[in-house]
1. Looking only at region 359-375, filter to residues that are loosely packed, with under 14 Cβ neighbours inside 10 Å and within 19 Å of ASN483 (Cα to Cα); which one of those is modelled with the highest pLDDT?
2. Can we say ILE224 is open to solvent by less than 40 Å² (accessible area, probe 1.4 Å), within 23 Å of LEU71 (Cα to Cα) and among the β-branched types (Val, Ile, Thr)?
3. Quick one: in region 384-394, of everything that is in contact with a Ser or Thr (Cβ under 9 Å, 6 or more places away or on another chain) and assigned to a helix (DSSP H, G or I), which residue is nearest to ASP312 (Cα to Cα)?
4. Considering only residues of region 447-461 that are under 17 Å from LEU399 (Cα atoms) and open to solvent by 10 Å² or more (accessible area, probe 1.4 Å), which is modelled with the highest pLDDT?
5. Only one of LEU13, LEU46 is aliphatic (A, V, I, L, M), within 30 Å of LYS143 (Cβ to Cβ), in contact with a strand residue (DSSP E or B) (Cβ under 9 Å, 6 or more places away or on another chain) and not in a loop (DSSP other than H, G, I, E, B). Can you tell me which?
6. Under 7 Å between Cβ atoms, which residue pairs at least 6 apart in sequence (or on different chains) link something in region 356-375 that is closer than 16 Å to LEU313 by Cβ with a partner that is small (Gly, Ala, Ser) and not in a loop (DSSP other than H, G, I, E, B)?
7. Which of (1) open to solvent by 60 Å² or more (accessible area, probe 1.4 Å); (2) in a helix (DSSP H, G or I); (3) under 30 Å from PRO526 (Cβ atoms) is the odd one out, the single condition ALA429 does not satisfy?
8. What are the residue pairs meeting all of these: first residue in region 514-529, first residue under 10 Å from THR444 (Cβ atoms), second residue hydroxyl-bearing (Ser, Thr, Tyr) and not in a helix (DSSP H, G or I), Cβ atoms under 8 Å, and 6 or more apart or on different chains?
Amino acid sequence: MDEPVSIKLKRLLEHTQLFLASYNNKKQWPTFYPLVCKLAEQYRTLYKQNPSALQAQLMLYKTQYDFATNLVINQCILTTALCVSQNYDDELSELYISASLIEHLCVGAQLNKLSKQIAFTSTESQIWQLRHKLAARVLLTAKQPAHSITQVLAKLSKYKHALVSTPKIMLYDGGTIIVALANILAVNLTCNAANQQINFYKAIGDLYLRTPNLFAQRLLKSLIAHIGPLLPGSRVLYAEQAMIYLATDAEQRHILIKSLKNKIVWYRVKATLNDNAVQWLCADKRILYKVWDTEYVNIKAATPSTQNTLYDLIGLIKLQQEYSFNNINTLLAPHPIVIKSLCQAVKPYNKEHQAAKNLTHSLSMVGYNNAPAIIQRVVFEQLVFAIPHPLHAFLVNRLKCMVDIMRLLVYNNKQYQFEHICLPLYAYAHYLLIHCSTQLSRKTSIAHAPNKSSDTPMCAFFGIESMDSKHLNQQLSALLSDNPWTFALLDAEQVAKNELTEQSKLWVAFKVVAQSVFKPKTALTPWQQQTLKQQLIAQGWDNQADFYDKLQTLALFDSI
């Protein structure tokens with residue numbers, strides 16, 4: 001039997017407090033990384049189970065804990081809510097929650113002094129300035145893969161300052177922006193000795209107006225849309241009585257409670273309420289924990305996902321199979337958006353570059369032999385472009401640029417169908433977004449010292465230095481089993497250079513061109529230069545100069 005929400009919530013808050021307190025015991029430092037990961041998972045899963053129970057903690061200052069613990073709890077909940085509002089995957093969410101948990105690990109005493117407006121000593125000021133470095137150092141004592149968390153911490157001070165004070169500084173890391181926003185809001189919300197905490201909605205509104213960062217503004221708007229106009233745990237006035245708002249049901253009835261000495265009185269009302277979304281001191285364990293066990297306040301918004309059905313659709317479409325209109329119509333009928341996108345995708349197949357009117361018109365434009373690959377490309381684009389990620393704009397732009405490079409590379413070769421070649425590239429990008437989301441970055445991770453045995457892996461163009469090639473092979477081979485270019489791509493980065501087929505060498509040449517575009521200062525090796533020269537000739541290019549002239553007209557760039 002599943003545990004009541006109250007027990008899970010109480011355990012989560014207690015474990016957070018114990019984790020922060022354990023900093024004083026050096027012997028426990030090596031256990032911090034797995035503890036942080038476990039706590040982050042608990043925040044995410046409990047929020048998913050009952051978001052109102054955790055949102056309400058933003059309004060309830062838990063008097064059994066000090067200011068520092070309340071602040072960290074608030075920051076973790078805000079980070080979780082921001083990630084949920086963006087539909088980020090579990091690994092990304094837990095990464096950013098972990099950063100929020102660890103940020104103030106070493107400065108609990110200083111945080112408590114700040115809340116009481118007590119001046120720091122010179123030593124405490126130095127500790128405060130170095131708090132993120134100290135936290136990272138403590139975390140890395142575990143000798144575990146904590147670098148993703150420490151990379152967020154390394155930029156956090158700069159990002160928090162830039163979000164509110166320095167409009168000319170460009171901020172590129174969306175994940176660090178999330179953690180910084182959560183901290184700024186948590187500081188404004190959490191009760192302090194001077195009673196200077198402010199209304200939740202005012203805190204968001206002030207920050208929205210103050211920050212020049214467009215991504216941060218979008219995050220704040222999404223957070224408001226996710227939580228709604230009333231924040232659980234906030235105090236409201238109804239029928240001239242002070243009550244506490246908990247949730248709103250599917251029939252738009254507000255669930256309120258009134259705390260009496262011996263009992264909690266419940267109300268379900270339809271009325272216009274104005275809440276006072278300011279954190280208040282709460283020692284009543286019934287409000288902190290017990291009220292969240294009822295199903296009436298466990299109200300989650302439905303979040304239907306088409307990702308799995310689209311992914312299944314790709315597997316159902318085979319390049320080597322002959323299709324009739326009825327076959328394709330049966331496959332695509334449940335996916336009207338795919339049909340709409342297909343009508344746009346066939347533009348290059350007619351001289352006027354006009355979109356098709358319907359599915360029949362689309363198929364008549366491209367022919368039934370070409371249709372499966374084009375349909376798969378359309379579905380892949382929908383899949384990849386719809387996966388939420390803090391670096392989404394950059395990743396989509398990088399993929400589009402790479403597709404354009406391959407299109408140009410084989411432009412003169414009429415033996416190849418461009419869509420067939422590019423399908424593995426979309427599948428590769430999809431794999432990285434699903435299975436390597438926390439490792440993706442803006443860097444192009446190509447080593448200056450070339451690998452003598454095999455070619456640069458494609459993941460390097462998405463900031464990933466190494467990955468599980470066996471799992472990648474399994475996933476791509478299963479999904480695109482009848483596409484020979486899939487195996488050519490995998491061989492191009494896993495098979496010895498002297499054993500590559502002509503199709504694999506095309507992928508090598510493609511990566512050589514991509515390297516010259518995205519990391520031009522890294523010199524090409526003689527083998528890369530020779531392979532590119534041979535492949536340009538094989539693809540129908542008279543000389544490299546003509547190719548590079550055409551490449552410049554594509555105006556490829558890295559999005560910021």
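1. GLY367
2. Working: open to solvent by less than 40 Å² (accessible area, probe 1.4 Å): no; within 23 Å of LEU71 (Cα to Cα): yes; among the β-branched types (Val, Ile, Thr): yes.
No: the conditions fail for ILE224.
3. Narrowing region 384-394 to residues in contact with a Ser or Thr (Cβ under 9 Å, 6 or more places away or on another chain): 386-387, 389-391, 393-394.
Retained after the next criterion (residues that are assigned to a helix (DSSP H, G or I)): 386, 393-394.
Working: ALA386: 16, ALA393: 25, PHE394: 26 Å.
For region 384-394, the residue satisfying everything is ALA386.
4. Applying the first criterion (under 17 Å from LEU399 (Cα atoms)) to region 447-461 yields 456-461.
Remaining after also requiring open to solvent by 10 Å² or more (accessible area, probe 1.4 Å): 456-457.
Values: THR456: 84, PRO457: 90.
The residue in question is PRO457.
5. On the way: LEU46 fails: in contact with a strand residue (DSSP E or B) (Cβ under 9 Å, 6 or more places away or on another chain).
When all the criteria are applied, what remains is LEU13.
6. Final answer for the pair search is ILE374/ALA345.
7. Among (1) open to solvent by 60 Å² or more (accessible area, probe 1.4 Å); (2) in a helix (DSSP H, G or I); (3) under 30 Å from PRO526 (Cβ atoms), the lone unmet condition for ALA429 is (1).
8. GLN515/THR444; GLN515/THR456; GLN515/THR522; PHE518/THR444; LYS519/THR444
The values are calculated or read from the model by the stated rules, or taken from the named source; none is laboratory data. Please read all numbers here as calculations on a predicted model, not as lab measurements. Here the Cβ is made from the backbone with ideal geometry for all residues, glycine too, and neighbour counts use every protein chain on show. Ligands, DNA and RNA are excluded from the accessible area calculation, which covers all protein heavy atoms including side chains. Shrake-Rupley method; radii C 1.70, N 1.55, O 1.52, S 1.80 Å.
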